[in-house]
Amino acid sequence: MITFSKIVDTQTFLYQQKTNGLKIGFVPTMGALHEGHLELMRRAKQENDILVASIFVNPIQFNNKEDLKKYPRNLNRDAELLKSVGCDVLFAPDTKEMYPEGQISKSYDFGDIEHVMEGSSRPGHFNGVGVVVSRLFEICIPHNAYFGEKDFQQLAIIKKLVDIENTRVNIVPCAIVREADGLAMSSRNVRLTDHEREIAPFIYQTLKMAKSSKDTLCPKKMKAFVLENFIDKTEFNVEYFEIADDTNLQPVKQWNEEVGSLGFIAVKLGKVRLIDNIRII
Ligand code: PAF
């Protein structure tokens with residue numbers, strides 16, 4: 001695996017590979033890699049000639065400074081994991097390299113998608129994601145880029161970004177990877193205390209129960225059911241549970257088999273904010 005920290009070296013190398021006719025698969029990450037990331041890497045490796053991963057903790061997508069400070073960082077460990085799945089190129093720049101002029105003022109209009117759920121809970125977050133992913137695409141010039149469905153709204157934003165910028169990158173959505181007890185894999189899980197980690201699977205259990213009640217509950221009642229399920233679970237602080245369509249992420253008011261619909265949840269467990277989702281239709 002070759003590791004680059006400079007944009008120009010990465011771009012020059014990858015441009016050469018592309019000119020030689022090789023297909024580039026790209027997995028952008030913020031490090032703190034877990035099995036969920038490695039699944040994306042394995043798939044990208046299988047479907048392309050060259051696997052490129054990036055590790056960059058993008059400050060402009062954090063609306064909470066404390067969250068940014070506490071974000072787990074361990075480049076050496078991550079590099080070993082990347083080697084173990086056959087990663088060919090690691091791009092790991094620092095903040096100065098990515099944002100030489102300081103804060104980026106670019107502002108996207110992602111439409112309705114950015115105003116709901118994660119968008120309304122984390123102002124500026126998706127703009128920060130859009131800015132960095134657009135830059136990473138310019139640098140890594142991938143044919144295919146892989147994103148996990150745990151961040152389903154992010155995935156919808158990236159699809160929109162590619163549309164807005166007319167970028168020729170194929171966006172490949174990948175299913176959520178879960179621990180054996182159902183907890184969705186996330187870099188934030190390591191920040192849970194032992195007790196919190198033990199009870200965290202309750203989130204996915206509730207989502208599964210909600211899904212299985214679809215034939216008897218309308219979306220509004222399903223929402224109420226989920227919120228009630230957490231009422232006596234005082235460790236959990238539910239920020240939202242929404243049922244939304246799979247394209248524009250707008251609220252679904254009644255079931256329609258023609259409209260792909262998911263349940264989305266954000267929960268604070270202790271100091272850790274977790275998100276998850278489940279497809280209902
Ligand atoms: O999903 C993530 O890890 C980040 O949001 C991404 C896509 C790497 C952009 O910083």
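The values are calculated or read from the model by the stated rules, or taken from the named source; none is laboratory data. Since the model is a prediction, treat every value here as computed from it, not as a measurement. Cβ placement follows ideal geometry from the backbone for every residue including glycine, while neighbour counts extend to all protein chains displayed.
Here is a check on your reading of the model: is residue 183 more than 9 Å from the ligand (Cβ to nearest atom), farther than 24 Å from residue 23 by Cα and either at pLDDT 95 or above or among the small types (Gly, Ala, Ser) (or both)? Yes. Scanning segment 152-167 for residues that are more than 10 Å from the ligand (Cβ to nearest atom) and either of a type in the set (A, V, I, L, M, F, W, C) or not in a loop (DSSP other than H, G, I, E, B) (or both) returns 152, 153, 156, 159, 160, 161, 162, 163, 164, 165. Residues of segment 47-58 that are touching a residue at least 40 places away in the same chain (Cβ under 8 Å) and either surrounded by fewer than 19 Cβ atoms within 10 Å (Cβ to Cβ) or away from the ligand (no atom under 15 Å from the Cβ) (or both): 47, 48.
The rows are residues; the columns are (1) assigned to a helix (DSSP H, G or I); (2) more than 16 Å from the ligand (Cβ to nearest atom).
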| residue | (1), (2) |
| --- | --- |
| 14 | yes, yes |
| 17 | yes, yes |
| 33 | no, no |
| 39 | yes, no |
| 45 | yes, yes |
| 69 | yes, yes |
| 96 | yes, yes |
| 105 | no, yes |
| 109 | no, yes |
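When 228, 198, 258 are checked against the criterion of being free of Cβ contacts under 8 Å to residues at least 12 places away in the same chain, over 18 Å from the mean Cα position of the chain (by Cα) and within 29 Å of residue 145 (Cβ to Cβ), 258 stands alone in meeting it. Of the set (1) within 14 Å of the ligand (Cβ to nearest atom); (2) closer than 25 Å to residue 42 by Cβ; (3) in contact (Cβ under 8 Å) with a residue 40 or more places away in the chain, all apply to residue 131 but (2). Meeting the requirement of 1 or more residues that are over 22 Å from residue 154 (Cα atoms), the strands (runs of 3 or more DSSP E) wholly within segment 191-281 are 236-245. Filtering segment 140-151 down to residues that are away from the ligand (no atom under 11 Å from the Cβ) and buried (at least 20 other Cβ atoms within 10 Å of the Cβ), which residue is nearest to residue 22 (Cα to Cα)? Taking the candidates together, the pick is 142.
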